[in-house]
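**Student:** Take this structure, written in structure tokens, and hold onto it; I'll ask about it next.
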Amino acid sequence: MSEFLIGDIEVTRIIEMEGPDFAPFEFFPDCTPEMLKPHLGWLQPRFLDPTNGKLVFAIQSYLLRTNHHTILIDSCVGENKERTRFPNWNLRKNTDYIAKLAAAGVSPESIDYVLCTHLHADHVGWNTRLVDDRWVPTFANARYLFTRNEHDFWQAKSAKNPRKYDDGCYQDSVLPIIEAGQALIVDQDHALDDQIWLEPSPGHTPGHVSIRARSGDSEAVFSGDLMHNVLQCIYPDLVSRACFDKPLARQTRRTFLECYCDKPIQVMTAHFPSPSSGHIHRHGNSYRFSYSH
Ligand SMILES: [Zn+2]
């Protein structure tokens, strides 16, 4: 029950949640009503909920079945994680994430690799789950790939104050993987095999990566959080409040949009509303995102 095919690679989205989450002027501090106004006609209701004025976000994993491996890209918010700064993410219980994986024909034990585009709380949550008051790897047989500079950055932050950064997600969702011996700390251009490799896209976080997939003549890129919303194709300089290095985030996004613009490469976004994937097209001095379906 794959939703997309990249050549022989089957891709299924495991959606943890989707809905209006953040107000545009809070999430993008440089965004103004004048910037939104010409686009409200098509932004609402799909991208911007008219009832509360909030941007619609999907939080999801991409499940990939290649010729070689079963791979999970990003692992959402998870369960029982204390995320006091994000009420929708805090102490979630009895969710259907694992059931959705099962419905896609995959058990946690059958995941070979977990690839985290970066180590924010909405991308590492299901790395671990709570068993007898201990955080243990959810995917018992998986290797988890973290990039070295991303890992080292959050490890150093966490050493100073374990709970301050992203509500302590390094402590509960990354460190237990390392302690279990299941982490692979890799470079930002690491290639998993001939079909899957990482591509550096720093700025949102120091070691953020995009993930490339290729099978036959088909190619895709999983863009992680180098953009959060279609508005950033129209206004590539719009930077989120969560970005670590704002000038670098802008530069990376511009480079990415130019690189993937008008190319037959499917762009699979982390947070755009469903179905979250499409293509980038040039539009005057900026870009537009067109959905595949
Ligand atoms: Zn995110």
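The values are calculated or read from the model by the stated rules, or taken from the named source; none is laboratory data. The structure displayed is predicted, hence computed values, not measured ones. No Cβ is skipped: glycine too gets one built from the backbone with ideal geometry, and neighbour counts run over all protein chains shown.
**Student:** Which condition number does Tyr113 fail, the rest of (1) within 17 Å of the chain's Cα centre (by Cα); (2) within 16 Å of the ligand (Cβ to nearest atom) being met?
**Tutor:** Failed condition: (2).
**Student:** Could you list, in sequence order, all residues of the stretch 187-217 that are in contact (Cβ under 8 Å) with a residue 12 or more places away in the chain, in a strand (DSSP E or B) and more than 17 Å from Thr269 (Cα to Cα)?
**Tutor:** Listed by number, the list holds a single entry, Ser215.
A quick yes/no check of all residues on (1) under 23 Å from Ile234 (Cβ atoms); (2) within 18 Å of the chain's Cα centre (by Cα):
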| residue | (1), (2) |
| --- | --- |
| Thr12 | no, yes |
| Met17 | no, yes |
| Ala23 | yes, no |
| Pro50 | yes, no |
| Ala58 | yes, yes |
| Leu63 | no, yes |
| Thr66 | no, no |
| Thr70 | no, yes |
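**Student:** Continuing with this model, one more query. Check Asp167 against each of (1) charged (D, E, K, R); (2) modelled with pLDDT of 95 or more; (3) within 15 Å of the ligand (Cβ to nearest atom) and name the one condition it does not meet.
**Tutor:** Here Asp167 meets the rest and fails (2).
**Student:** Out of Ala249, Ala242, I need the residue that is more than 27 Å from Gly216 (Cα to Cα), part of a helix (DSSP H, G or I) and under 18 Å from the mean Cα position of the chain (by Cα). Which one?
**Tutor:** The match here is Ala249.
**Student:** Right, next: Checking Leu184 against (1) more than 16 Å from the ligand (Cβ to nearest atom); (2) in contact with a helix residue (DSSP H, G or I) (Cβ under 9 Å, 6 or more places away or on another chain); (3) among the aliphatic types (A, V, I, L, M); (4) not in a loop (DSSP other than H, G, I, E, B), only one condition comes out false. Which one?
**Tutor:** Failed condition: (2).
**Student:** Might you check whether a residue that is over 15 Å from Ser75 (Cβ atoms), of a type in the set (Gly, Ala, Ser) and surrounded by fewer than 20 Cβ atoms within 10 Å (Cβ to Cβ) occurs anywhere in the stretch 140-149?
**Tutor:** No - not one qualifying residue is present in the stretch 140-149.
**Student:** Can you name the residue in the stretch 218-236 that is in a loop (DSSP other than H, G, I, E, B) and within 16 Å of the ligand (Cβ to nearest atom) and is also nearest to the chain's Cα centre (by Cα) among such residues?
**Tutor:** Step by step, filter the stretch 218-236, then rank; the result is Gly224.
**Student:** When only residues in the stretch 68-102 that are closer than 24 Å to Ile9 by Cβ and among the polar types (S, T, N, Q) count, which is surrounded by the fewest Cβ atoms within 10 Å (Cβ to Cβ)?
**Tutor:** Filtering the stretch 68-102 for residues that are closer than 24 Å to Ile9 by Cβ and among the polar types (S, T, N, Q), the one surrounded by the fewest Cβ atoms within 10 Å (Cβ to Cβ) comes out as Thr70.
**Student:** In the stretch 116-134, which residue that is among the β-branched types (Val, Ile, Thr) and under 15 Å from Asp74 (Cα atoms) is farthest from the ligand (Cβ to nearest atom)?
**Tutor:** Thr128
**Student:** Also, I was wondering about something else. Residues in the stretch 53-88 that are within 16 Å of the ligand (Cβ to nearest atom) and at pLDDT below 95: how many?
**Tutor:** Number satisfying all stated conditions: 4.
**Student:** Answer with yes or no whether Phe289 is away from the ligand (no atom under 14 Å from the Cβ), assigned to a strand (DSSP E or B), in contact with a strand residue (DSSP E or B) (Cβ under 9 Å, 6 or more places away or on another chain) and more than 16 Å from Ile73 (Cα to Cα).
**Tutor:** So Phe289 fits the description; yes.
**Student:** If Arg92 meets every condition in (1) free of Cβ contacts under 8 Å to residues at least 40 places away in the same chain; (2) within 16 Å of the ligand (Cβ to nearest atom); (3) more than 16 Å from Gly168 (Cα to Cα) apart from one, which number is that one?
**Tutor:** Single failed check for Arg92: (3).
**Student:** When residues of the stretch 244-264 are filtered for being crowded, with 16+ Cβ neighbours inside 10 Å and free of Cβ contacts under 8 Å to residues at least 40 places away in the same chain, how many remain?
**Tutor:** Qualifying residue count for the region: 3.
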